[in-house]
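Beneath this line is the structure, given in structure tokens, with notes to follow.
The values are calculated or read from the model by the stated rules, or taken from the named source; none is laboratory data. All figures in this text were calculated on a predicted structure; none of them were measured in a lab. When we count neighbours, we look across all protein chains shown, and the Cβ atoms used for this are built from the backbone with ideal geometry, even at glycine.
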């Protein structure tokens, strides 16, 4: 079973435990029913914003859907080991993101840390969800669209913002970029 299948199965299980139909969950999240069905069937690995909305509507933390097992503290993810944790975002235009989960296995966490590779794309989909995000640009250049403003960031620059404001992070200048991102969602 691949990562998309596991994620979809877990979302379906929690939705069914709550007695919700796909349409009920769509109504509670503002996500199209077709996208929820594609996620549950493992056809689409959702963006972080979609995962946040689903986890909130199902009363779970984000990691509930991505973790395979518990690891004792401290959780250490070596650079050469994180490739096995790659979860590509696919479907709905692809958006050019590859997520590497850095907190997977720490079941009591309150933050979601990621390493994300961003490919250039013309697609711009804004995300909005509860919490905050902290991002450091590792390589390349990144454009942050935050509300009605746009910011260009270079290697070593960081951004910290309230994620309830519609936002989009993408590769700038038609070249790939990579970032570390930590997402905090209040319990």
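Scanning the stretch 7-18 for residues that are at pLDDT 90 or above and over 18 Å from residue 50 (Cβ atoms) yields one hit, 16. I need the full set of residues from the stretch 106-122 which are at pLDDT below 85 and surrounded by fewer than 18 Cβ atoms within 10 Å (Cβ to Cβ), in order please. Answer for the stretch 106-122, where residues must be at pLDDT below 85 and surrounded by fewer than 18 Cβ atoms within 10 Å (Cβ to Cβ): 107, 108, 109, 110. Of the listed requirements (1) out of contact with any helix residue (DSSP H, G or I) (no Cβ under 8 Å at 6 or more places or on another chain); (2) closer than 16 Å to residue 107 by Cα; (3) modelled with pLDDT of 75 or more; (4) surrounded by 15 or more Cβ atoms within 10 Å (Cβ to Cβ), residue 62 misses just one: (1). Scanning the stretch 39-49 for residues that are in contact with a helix residue (DSSP H, G or I) (Cβ under 7 Å, 6 or more places away or on another chain) and either part of a helix (DSSP H, G or I) or in contact (Cβ under 8 Å) with a residue 60 or more places away in the chain (or both) yields 39, 40. For the stretch 109-165, a residue qualifies if it is more than 14 Å from the chain's Cα centre (by Cα) and in contact (Cβ under 8 Å) with a residue 40 or more places away in the chain, and the qualifying residues are 109, 110, 119, 120, 121, 124, 136, 137, 138.
Residues being under 15 Å from residue 123 (Cα atoms) and modelled with pLDDT of 95 or more are entirely absent from the stretch 153-163. Only a single criterion out of (1) out of contact with any helix residue (DSSP H, G or I) (no Cβ under 8 Å at 6 or more places or on another chain); (2) more than 23 Å from residue 78 (Cα to Cα); (3) modelled with pLDDT under 95 is not satisfied by residue 149, namely (3).
What about residue 36, is it part of a helix (DSSP H, G or I) and over 24 Å from residue 100 (Cβ atoms)? Judged against the criteria, residue 36 is a match.
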